[in-house]
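Accompanying notes for the structure given below.
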Amino acid sequence: MELASKYSPTEVESKWYQYWLDHKLFSSKPDGREPYTIVIPPPNVTGVLHMGHMLNNTIQDILVRKARLDGKNACWVPGTDHSGNVTSHASSSWNMLGTGHTNTEASS
């Protein structure tokens, strides 16, 4: 068996993604097990990912897998923007530039 010199996510991930879909592993239904949920924050407003994001996601992955091994009803779900207030303020400020108004006036 020869190993590929480069990782091809399409070849590997499509198989496992379909397996997760077929076995409903992206969902969690309430049952008698102790619930365990981690909400995944999306990338920041710039959309640029860095090693901090990778570390955060790796730790979350480990914690959810451990919770499942411990018999908990674990669910790892995408969440809301963890910097939503900052993003909203920055974008409304940017949109108000040159208008003579402030973003506080725009929100009232």
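Since every read-out is calculated from the coordinates, none of them should be taken as a lab result. All of these numbers come straight from a predicted model, not from anything done at the bench. Here the Cβ is made from the backbone with ideal geometry for all residues, glycine too, and neighbour counts use every protein chain on show.
General observations
- Near Thr37, the amide H atoms lying under 5 Å from its own belong to Cys75; only residues 5 or more places off or on other chains count, and H is placed 1.01 Å from N.
- Zone residues, the range 8-25, relative to Ile38, backbone N less than 19 Å from point 7 Å out along Cα-to-Cβ: 17, 20, 25
- Loop-located chymotrypsin sites (Phe, Trp or Tyr not before Pro) in the range 1-45 (DSSP state other than H, G, I, E, B) with a sparse environment of at most 15 neighbouring Cβ atoms within 10 Å: Tyr7, Phe26.
- Whole-Hz Karplus values for the range 6-20 come out as 10, 6, 10, x, 4, 5, 8, 5, 4, 4, 6, 4, 5, 4, 4 Hz, taken residue by residue from phi with 6.51 cos²θ - 1.76 cosθ + 1.60 and θ = phi - 60°; glycine and proline positions read x.
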